[in-house]
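Enquirer: Supplied in structure tokens, the structure appears directly below.
The values are calculated or read from the model by the stated rules, or taken from the named source; none is laboratory data. Quick caveat: nothing in here was measured; it's all calculated off a predicted structure. No Cβ is skipped: glycine too gets one built from the backbone with ideal geometry, and neighbour counts run over all protein chains shown. Just so you know, the surface numbers come from the protein's heavy atoms only, side chains and all, with ligands and any DNA or RNA stripped out. Shrake-Rupley method; radii C 1.70, N 1.55, O 1.52, S 1.80 Å.
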Amino acid sequence: MEKTDGLSRALNYRFKDINLLNIALTHSSYQNENKVDYNNERLEFLGDAVLDLLMGEYFFKNFKDSDEGSLTQMRAKVVNEDSLYKVALSINLGKYIRLGQGEIKDGGNLKSSILSDAFEALVGAIYIDSDINTTKQVIMRLFEEKFKGIKEKGYSFSFKSEIQEYAQKHDKSIRYVLYDEKGPDNDKVFYTNLLIDDEVFSSGHGTSKKKSEQMAAYNALVKLGEINE
């Protein structure tokens with residue numbers, strides 16, 4: 001593994017416990033080949049929760065007129081594999097990850113899944129090594145450009161638009177089918193299936209047809225790994 005001074009400078013954070021950093025940078029393939037007794041998966045789990053909390057707090061405080069659905073969409077724009085991958089690339093994280101030889105040969109240090117997971121592990125490690133406020137400072141700086149883009153574009157994101165973009169990119173057809181309605185007219189709940197290539201892929205429900213379609217699209221994006229739930 002490369003010396004981590006460059007990573008510390010990119011993060012603007014220096015670890016007190018260097019072992020935590022080493023764990024965060026250790027992929028399971030390295031563990032399996034080198035018989036070490038740790039990998040970064042537990043820290044990844046923690047980092048995912050810390051990111052959700054910090055991003056949720058940021059959007060809650062900065063978009064005071066937004067409802068729960070809008071806040072969820074904004075957070076999903078920031079906490080997803082592609083977004084975390086780009087942040088990981090910006091700090092050259094792949095240079096420091098310890099991988100098994102098979103993953104090295106397969107270009108694992110540039111794989112979006114490996115880099116995004118390692119970034120979450122890094123966040124978890126910083127949190128354990130310091131505290132929530134210090135972690136927040138590191139994260140807010142790394143995501144500064146992402147936040148700026150969201151403010152400039154506005155925050156009326158659409159999960160339906162996102163899944164439509166996915167379908168076009170992968171040459172898939174999508175359509176929504178309302179399959180049930182429950183409750184009285186003044187308190188009705190609608191149930192919708194999202195079909196990809198004419199097969200039911202996900203479902204959603206809501207107090208309007210539009211909301212049920214949005215939830216079906218959201219659940220499809222989670223299932224596809226486009227959104228970290």
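Enquirer: Return the residues of the range 15-36 that are of a type outside the set (A, V, I, L, M, F, W, C), touching a strand residue (DSSP E or B) at 6+ places or on another chain (Cβ under 7 Å) and within 23 Å of Y127 (Cα to Cα); say none if nothing qualifies. Give the derivation first.
Expert: So in the range 15-36, the residues of a type outside the set (A, V, I, L, M, F, W, C) come out as 16-17, 19, 22, 26-35.
Applying the additional criterion that residues be touching a strand residue (DSSP E or B) at 6+ places or on another chain (Cβ under 7 Å) yields 26-27, 30.
Answer for the range 15-36, where residues must be of a type outside the set (A, V, I, L, M, F, W, C), touching a strand residue (DSSP E or B) at 6+ places or on another chain (Cβ under 7 Å) and within 23 Å of Y127 (Cα to Cα): T26, H27.
Enquirer: Do the conditions hold for Y166, that is, is it farther than 20 Å from S212 by Cβ, open to solvent by 30 Å² or more (accessible area, probe 1.4 Å), at pLDDT below 95 and out of contact with any Cys (no Cβ under 8 Å at 6 or more places or on another chain)?
Expert: Numbers: farther than 20 Å from S212 by Cβ: no; open to solvent by 30 Å² or more (accessible area, probe 1.4 Å): yes; at pLDDT below 95: yes; out of contact with any Cys (no Cβ under 8 Å at 6 or more places or on another chain): yes.
Considered against the rule, which asks whether it is farther than 20 Å from S212 by Cβ, open to solvent by 30 Å² or more (accessible area, probe 1.4 Å), at pLDDT below 95 and out of contact with any Cys (no Cβ under 8 Å at 6 or more places or on another chain), Y166 comes out as no.
Enquirer: Consider the range 176-229. How many of its residues are aliphatic (A, V, I, L, M), touching a helix residue (DSSP H, G or I) at 6+ places or on another chain (Cβ under 7 Å) and surrounded by fewer than 18 Cβ atoms within 10 Å (Cβ to Cβ)?
Expert: Counting residues in the range 176-229 that are aliphatic (A, V, I, L, M), touching a helix residue (DSSP H, G or I) at 6+ places or on another chain (Cβ under 7 Å) and surrounded by fewer than 18 Cβ atoms within 10 Å (Cβ to Cβ) gives 2.
Enquirer: Determine which single condition K151 fails, assuming it passes every other condition in (1) part of a helix (DSSP H, G or I); (2) touching a Phe, Trp or Tyr at 6+ places or on another chain (Cβ under 8 Å); (3) at pLDDT below 95.
Expert: In the conditions (1) part of a helix (DSSP H, G or I); (2) touching a Phe, Trp or Tyr at 6+ places or on another chain (Cβ under 8 Å); (3) at pLDDT below 95, K151 misses (2) alone.
Enquirer: Looking only at the range 116-135, how many residues end up being within 15 Å of R42 (Cα to Cα), hydrophobic (A, V, I, L, M, F, W, C) and surrounded by fewer than 23 Cβ atoms within 10 Å (Cβ to Cβ)? So that I can check it myself, show each step before the final result.
Expert: So the first thing to find is which residues in the range 116-135 are within 15 Å of R42 (Cα to Cα), and the list is 116-129.
Applying the additional criterion that residues be hydrophobic (A, V, I, L, M, F, W, C) yields 118-119, 121-123, 125-126, 128.
Add one more test, that the residue is surrounded by fewer than 23 Cβ atoms within 10 Å (Cβ to Cβ), and what stays is 128.
The number of residues fulfilling the criteria is 1.
Enquirer: Something else now. Tally time: how many residues in the range 90-110 are in a helix (DSSP H, G or I) and open to solvent by less than 30 Å² (accessible area, probe 1.4 Å)? Show your work before the answer.
Expert: Taking the range 90-110 first, the residues in a helix (DSSP H, G or I) are 90, 93-95, 101-105, 108-110.
This time we only want the ones that are open to solvent by less than 30 Å² (accessible area, probe 1.4 Å), so: 93-94, 108.
Number of matching residues: 3.
Enquirer: What are the pairs with Cβ atoms under 9 angstrom where one residue, in the range 58-80, is farther than 25 Å from A220 by Cα and among the hydrophobic types (A, V, I, L, M, F, W, C) and the other, located anywhere, is modelled with pLDDT of 80 or more and crowded, with 20+ Cβ neighbours inside 10 Å? Sequence gap at least six, or different chains.
Expert: What qualifies is F63/M74.
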